[in-house]
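Taking it in order: structure first as structure tokens, then the write-up.
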Amino acid sequence: MREYLLTLCVTAAVTYLLTGPVRKFAIVAGAMPEIRARDVHREPTPRLGGIAMFFGLCAGLLVADHLTNLGHLFDESNEPRALLSGAALIWLIGVLDDKFEIDALIKLGGQMIAAGVMVMQGLTILWLPVPGVGSVALTQWQGTLLTVALVVITINAVNFVDGLDGLAAGMVCIAGAAFFLYAYRIWYSYGIEAAAPATLFSAILMGMCLGFLPHNMHPARIFMGDSGSMLIGLVLAAGAISVTGQVDPDALKLFAGSEKEAVQQTVPVYIPLLLPLTIIAVPAADLILAIVRRTWRGQSPFAADRGHLHHRLLEIGHSHSRAVLIMYFWSALIGFGALTYSVNSASMWIVLSVVILSAVGLLLLLLPRFTPRAPMWAQHIVPPRYRRRRAAARTLRAASGTAAEEAAGADAEAAAPEAEDHRAPVTAGVSGVSGANGATALGDRTRAGGRGKAGSTR
């Protein structure tokens with residue numbers, strides 16, 4: 001666990017430190033497209049944040065290769081190299097799209113090629129665990145098609161949900177955390193080394209998102225762009241493919257009692273497509289709804305619009321930050337709910353807790369204008385919109401009084417020289433007197449002294 005945490009921290013640090021220079025480079029390179037009709041932000045914001053995330057990925061893999069325990073993973077498995085090859089290709093396509101906005105079909109072809117590159121290096125689905133049946137072996141063509149489909153679906157799901165500041169990075173980070181715990185449990189508790197690559201991919205994915213989030217929270221100073229959203233989508237898909245197609249349920253039956261029971265333990269993570277799509281259930285639902293909505297209207301499935309889930313949250317009255325937090329909540333509920341149920345599926349308390357939290361989430365959706373109020377002892381800590389009315393009004397009155405005093409003082413200072421001029425006209429030949437502009441720049445005490453001098457000259 002220490003080596004995984006070290007890899008996560010190095011990835012996050014490199015991503016965080018490089019995001020600032022990448023932002024300046026994006027501004028110089030002109031990667032600041034004009035605001036479109038479907039955009040939520042109001043000012044042009046640079047893209048190309050995926051450059052920092054890609055170098056964070058490279059740094060995480062490099063550090064893991066030189067660690068004692070994780071270093072053996074690179075000798076025994078070719079999956080990290082397959083991930084790096086596919087990530088480099090999809091990252092280059094994303095950078096070109098952030099700068100020149102290439103066609104959607106070209107991006108789709110690039111996504112399929114990147115998935116094919118990973119398949120050629122061994123990162124593919126070999127079998128599927130089917131409830132009640134066991135493990136079903138797949139042919140080479142079946143495994144390739146299923147792997148490419150999963151990569152393309154995951155990449156576009158993450159890309160579609162990248163519509164608000166911090167939304168995609170936060171949701172993928174939550175998904176990566178849930179998936180990390182699931183893969184680490186299989187690797188550490190059951191001693192199955194085949195789950196180690198998926199655990200490493202999830203740790204690196206969390207580091208990439210955590211390092212980029214401080215720069216991307218509302219109001220965002222830089223966007224990850226397609227170079228970042230497609231990259232983290234591919235890394236998430238690579239972890240799912242690794243733990244799904246490489247971990248044999250036959251190895252779990254020694255702990256579960258039989259192969260069917262072993263498969264049954266992993267079922268919650270493979271719903272709904274017998275794959276770990278519960279981890280990205282919210283982006284996947286947004287993707288499916290977008291395709292259905294655009295096809296129903298006679299548009300292309302790749303035509304952009306303002307009908308995504310986060311856009312609808314804004315339309316019903318939620319603020320930008322609250323819409324992002326609601327999406328975080330549902331991602332965490334689905335991802336960690338599936339994780340908890342896979343650990344102990346016989347407990348009704350888990351199901352009851354998920355149902356109660358779902359009701360809470362629906363209540364938050366129906367109360368877009370509800371603003372929680374902090375207790376009295378925290379009034380000076382929380383932002384003004386969360387303070388109670390009395391404390392907020394008191395603060396407002398104090399601010400208004402201070403502003404009124406400053407305005408009155410400024411008016412008095414401006415009026416004082418005029419009164420001086422009326423009472424004591426000054427001739428141009430008198431030395432030591434600066435005139436109206438000089439009197440305006442003087443303080444009260446200096447002005448008093450100035451009046452004395454004027455009287456003496458008079």
Name the residue from Trp141, Ala82, Ala104 whose Cα lies farthest towards the positive end of the charge dipole of region 57-149, charges +1 on Cβ of Lys and Arg and -1 on Cβ of Asp and Glu. Trp141
For the ranges 104-116, 50-62, what's the packing order if you count other beta-carbon atoms within 10 Å of each residue, average per peptide, and put the highest first? 50-62, 104-116
Give the dimensionless ratio obtained when the Cα radius of gyration of region 152-247 is divided by 2.2 N^0.38 Å. 1.10
Going by the alpha-carbon gyration tensor, a ≥ b ≥ c the square roots of its eigenvalues, is region 1-124 rounded (a/c under 1.5) or, if a/c is not under 1.5, prolate (a/b greater than b/c) versus oblate? oblate
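Only the coordinates and a few stated rules stand behind these numbers; no lab work does. Quantities reported herein were computed from a predicted structural model and do not represent experimental measurements. Cβ: placed from backbone, ideal geometry, glycine included. Neighbour counts: every protein chain shown.
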